[in-house]
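Visitor: Take this structure, written in structure tokens, and hold onto it; I'll ask about it next.
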Amino acid sequence: MLSRRSFLAMSGAVITAPSWATLTQQDAGKKLYASAYSLNKQEHFFGLFDEKGDIAWNVQLLDRAHAPVVHPSQSIVGIVARRPGFFIDFFNVSTHQRITRIEPIKEHHFYGHALFTTDGKHLITQENHYPSGQGKIFVRDWPSGQVIQSFNSNGIGPHESVLLNDQVLVIANGGLMTHPDEDRKILNLDTMKPNVTYLNLKDGSILNQSANSDDLHQLSIRHLDVNQQGIVALGFQYQGEMWDQVPLVALSRLDQLELEYLPIPEEVRVRFKQYCGSVCFDSSGEILAISTPRGGLVAYWHVSSKTFLGVENCRDVCGLVATDNAHEFLLTSGIGSQLKSNPVQNVSKELKKHTTLHWDNHLRQINT
């Protein structure tokens with residue numbers, strides 16, 4: 001529990017954080033991107049880089065992290081610990097000061113992802129109640145981090161979630177029951193049942209829920225994104241045999257009961273090695289990109305026609321975000337590469353390759 005003095009100090013640090021526009025006013029229109037990275041197995045960082053690929057801000061972390069969290073208006077960024085995560089650290093970019101650390105409640109851990117509500121007043125975290133294996137969704141006050149609402153995720157392993165709108169949260173319940181004492185061991189491999197759940201944030205009711213068929217029950221739903229038309233894209237991580245021919249990407253909608261699997265040429269599907277990393281729509285919502293670090297590529301689809309467009313080869317690529325340009329994506333990899341790729345124009349350009357660092361799994365654009 002925060003003391004009154006600590007809460008007031010933290011609140012003051014948050015209030016003094018300028019807006020993103022104020023922070024970048026000397027360079028109007030400047031784009032920044034947030035990602036964790038490592039120099040080696042002992043040295044881990046969280047940083048922002050610009051459109052040239054140059055690191056504009058960074059801070060050292062005590063341990064490797066997973067996905068960034070960006071405040072929608074103030075120049076505050078957070079980084080979530082890797083699963084099983086027991087902290088989210090938030091920083092004032094204008095001062096390099098860590099302003100707060102939010103921790104899960106007793107007998108829970110984070111899943112590597114979190115998000116702010118669109119007004120920036122609340123933080124939403126996906127958590128595992130590990131004694132029971134039940135997935136939980138917590139709506140927390142910002143900046144105190146105090147839980148103000150608690151919902152059942154209606155599944156096991158809520159890895160990532162996105163807002164469909166201010167009142168509906170879409171949850172990727174990965175289906176993997178784990179315990180932090182031995183977190184990489186799956187405890188329910190034979191009975192896992194992943195699903196995507198549309199949750200009403202007013203009362204926690206289920207608005208829609210879809211799952212794979214019983215013969216695909218080991219197809220873990222891990223990452224997702226939503227476009228302007230309300231189409232949700234899902235990336236899977238299959239827990240069965242490497243040679244099984246299973247779908248890896250699907251689309252979902254609030255008014256659609258069944259998942260709709262996207263076509264993928266078998267020679268490309270095999271290269272995925274049953275593992276999707278990041279899921280991302282472009283700024284127009286017309287193009288979908290899915291990365292696979294194990295396969296060393298990003299695959300692209302045209303969403304409305306459900307047409308497979310091709311791949312961008314990039315070793316150990318996972319970080320993926322839309323730029324402001326239609327059909328264009330920014331990619332980061334574990335070998336230090338940063339490149340822009342446009343599958344419609346079939347062009348790509350490497351911004352920079354930082355040969356001494358390794359970009360981590362996920363990337364976020366900061367809207368300044």
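The values are calculated or read from the model by the stated rules, or taken from the named source; none is laboratory data. On a predicted model such as this, the values are computed, not experimentally measured, just so you know. Note: ideal-geometry Cβ built from the backbone for every residue, glycine included; neighbour counts use all protein chains shown. In case anyone asks, the SASA skips ligands and DNA or RNA and just uses the protein heavy atoms, side chains included. Shrake-Rupley method; radii C 1.70, N 1.55, O 1.52, S 1.80 Å.
Visitor: Find the accessible area per residue for the range 257-350; the probe is 1.4 Å, ligands and nucleic acids are left out, and the unit is Å².
Guide: 39 Å²
Visitor: Still on this structure, I have one more. Check the straight Cα-Cα distances from Lys353 and name the aspartates and glutamates below 18 Å, setting aside those fewer than 8 residues away within the same chain.
Guide: Partners found: Asp50, Glu51, Asp54, Glu312, Asp316.
Visitor: Considering only Ser94, Ser35, Ser75, give the residue with the highest GNM mean-square fluctuation for the chain, with springs between Cα atoms whenever their separation is below 10 Å.
Guide: Residue with maximal mean-square fluctuation among Ser94, Ser35, Ser75: Ser94.
Visitor: Here's another thing I want to ask about it. Return the distance in nm (one decimal) between the two label points of a simple spin-label model at Ser19 and Arg315, each offset 7 Å from Cα along Cα→Cβ.
Guide: 4.4 nm
Visitor: On a full-extension model of 0.36 nm per residue, what is the gain between Gln97 and Lys121, subtracting their alpha-carbon distance, rounded to one decimal in nm?
Guide: Extra length from Gln97 to Lys121 when fully extended: 6.6 nm.
Visitor: Separate question: From the residues His108, His159, Thr178, which one has its Cα farthest along the dipole of the chain in the positive direction, the dipole being from +1 and -1 charges on Cβ of Lys/Arg and Asp/Glu about the Cα centre?
Guide: Positive-most Cα among the choices belongs to His108.
Visitor: With unit charges on the beta carbons (Lys and Arg positive, Asp and Glu negative) and the dipole taken about the Cα centre of the range 240-368, which residue among Ser333, Leu297, Val268 sits farthest to the positive side?
Guide: Comparing the listed Cα positions along the dipole, Ser333 ranks first.
Visitor: Would you mind getting me the FRET efficiency between Glu266 and Asp183? Use the beta-carbon distance for r and R0 = 41 Å, nearest 0.05.
Guide: 0.80
Visitor: Also, I was wondering about something else. Whole-Hz Karplus ³J(HN,Hα) for the range 104-120, in order, using 6.51 cos²θ - 1.76 cosθ + 1.60 and θ = phi - 60°, x for Gly and Pro?
Guide: For the range 104-120, the Karplus curve yields x, 6, 4, 6, 10, 9, 6, 10, x, 10, 7, 7, 8, 5, 5, 8, x Hz.
Visitor: What's the magnitude of the charge dipole for the chain around its Cα centre, counting Lys and Arg as +1 and Asp and Glu as -1 at the beta-carbon? Answer in Debye, nearest 20.
Guide: My answer is approximately 880 debye.
Visitor: Continuing with the same structure: With a probe of 1.4 Å, find how much accessible area the range 66-130 has per residue, and write the answer as a whole number in Å².
Guide: With the other protein chains kept in place, the range 66-130 gives 32 Å² per residue.
Visitor: What value in Å³ per residue do you get for the convex hull of the alpha-carbon atoms in the range 184-337?
Guide: Hull volume normalised by residue count: 137 Å³.
Visitor: I would also like to ask the following. Measure off, as a whole percent, the carbon and sulfur share of the 1.4 Å-probe accessible area of the chain, all protein chains present.
Guide: On the chain, the fraction of accessible area on carbon and sulfur atoms equals 48 percent.
Visitor: At a Förster radius of 45 Å, what calculated FRET efficiency corresponds to the Cβ-Cβ distance of His302 and Ser73, to the nearest 0.05?
Guide: 0.85
Visitor: Let me ask something additional. Report the equivalent ellipsoid semi-axes for the chain in whole Å, largest first, defined as the square roots of five times the eigenvalues of the gyration tensor built from alpha carbon atoms.
Guide: 29, 26, 19
Visitor: When every alpha-carbon pair in the range 121-229 is counted, what percent end up more than 17 Å apart?
Guide: Taking all Cα-Cα pairs of the range 121-229, the fraction more than 17 Å apart is 53 percent.
Visitor: Straight-line reach only, C-alpha to C-alpha below 25 angstrom: list the lysines that Lys349 could link to, leaving out same-chain residues fewer than 8 apart.
Guide: The qualifying lysines are Lys30, Lys31, Lys52, Lys340.
Visitor: On to the next question. Any idea how far apart Leu254 and Gln146 come out in nm if each label point goes 7 Å out from Cα toward Cβ?
Guide: The two pseudo-label positions are separated by 3.1 nm.
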